[in-house]
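A short reminder: the numbers here are calculations on the coordinates, not readings from a lab. Worth saying up front: this structure is predicted, and the values here are computed from it rather than measured. Glycine also receives a Cβ, built like all others from the backbone with ideal geometry; neighbour counts cover every protein chain displayed.
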Amino acid sequence: MGADLERVLITEEEIQARLAELAREIWDHYAGEEFLLVGVLKGAVLVMADLMRALPGSAPMDWMAVSSYGSGTKSSGVVRILKDLDTDITGRHVLIVEDIIDSGLTLSWIRANLESRQPKSVEICTLLRKPEAAKVEIDCKWVGFDIPNDFVVGYGLDYAEKYRNLRVVGTLAPHVYS
Ligand code: PRP
Ligand code: MN
Ligand code: MG
């Protein structure tokens, strides 16, 4: 499977070191107040697992699964909830955990949706962000890495559901697409 990668963009060590930094910043930010980690299935599974283990203490987690509404691309920005949170977030601090902000449309919808539930706060932590692909501006407090607008896989990110298990983030070799 490593042969399917054209180039490693971010190594395992770089990912883990950055997540450790973010975890400390996040922990200090909430200063002892409880916050709920909300992961967005499925890409955020790996970031969630490593970020929460890098926290100096424990935080509860919950998950949402969403899909773009109707047919075709997600460019409409209209999202359908496939699996909602199990928990009521009224009056709670919420930290959304994502693998990547691409156009930003998914997260902008999720954020607005969660904010409508009267939480105490909503913040976002994403491992990756593609500034050149942004269609909407997202106020994201914690970003692991800004990356170029190339198609990347690994560490939760898939191509046709493959490569999520890679420990690195990289670009796919052209032969994979053909
Ligand atoms: C990917 C990624 C983000 C979203 C970012 O998820 O994990 O959730 O797209 O794209 P956007 O910023 O352009 O909205 P995807 O819909 O592929 O589902 P997955 O996490 O199950 O792979
Ligand atoms: Mn996703
Ligand atoms: Mg995907």
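Taking every residue in region 36-49 that is in contact (Cβ under 8 Å) with a residue 40 or more places away in the chain and in a helix (DSSP H, G or I) and pairing it with any residue that is among the hydroxyl-bearing types (S, T, Y) and more than 10 Å from ligand 1 (Cβ to nearest atom), at least 6 positions away or on another chain, the pairs with Cβ-Cβ distances below 7 Å are L46/Y155. Filtered by the rule that a residue be closer than 16 Å to A49 by Cα, small (G, A, S) and assigned to a loop (DSSP other than H, G, I, E, B), region 141-178 gives a lone residue, G156. Residues in region 126-137 that are in contact (Cβ under 8 Å) with a residue 24 or more places away in the chain and either within 14 Å of ligand 2 (Cβ to nearest atom) or within 21 Å of E6 (Cβ to Cβ) (or both): T126, L127, L128, R129, K130, A133.
Considering only region 31-49, how many residues are surrounded by 15 or more Cβ atoms within 10 Å (Cβ to Cβ) and more than 14 Å from the chain's Cα centre (by Cα)? The number of residues fulfilling the criteria is 2.
Using the structure shown, decide if R80 is exposed (fewer than 13 other Cβ atoms within 10 Å of the Cβ), within 16 Å of ligand 1 (Cβ to nearest atom), free of Cβ contacts under 8 Å to residues at least 60 places away in the same chain and not acidic (D, E). When the stated conditions are applied, R80 passes them. Taking the condition acidic (D, E), within 15 Å of ligand 3 (Cβ to nearest atom) and closer than 24 Å to A17 by Cβ, does D99 pass? For D99, the condition - acidic (D, E), within 15 Å of ligand 3 (Cβ to nearest atom) and closer than 24 Å to A17 by Cβ - is met. Count of region 103-118 residues, restricted to those that are within 15 Å of ligand 3 (Cβ to nearest atom) and surrounded by fewer than 19 Cβ atoms within 10 Å (Cβ to Cβ), is 1. Here E161 meets each of (1) more than 27 Å from R7 (Cα to Cα); (2) surrounded by fewer than 21 Cβ atoms within 10 Å (Cβ to Cβ) with one exception, condition (1). Here P60 meets each of (1) out of contact with any Asp or Glu (no Cβ under 8 Å at 6 or more places or on another chain); (2) closer than 21 Å to I26 by Cβ with one exception, condition (1).
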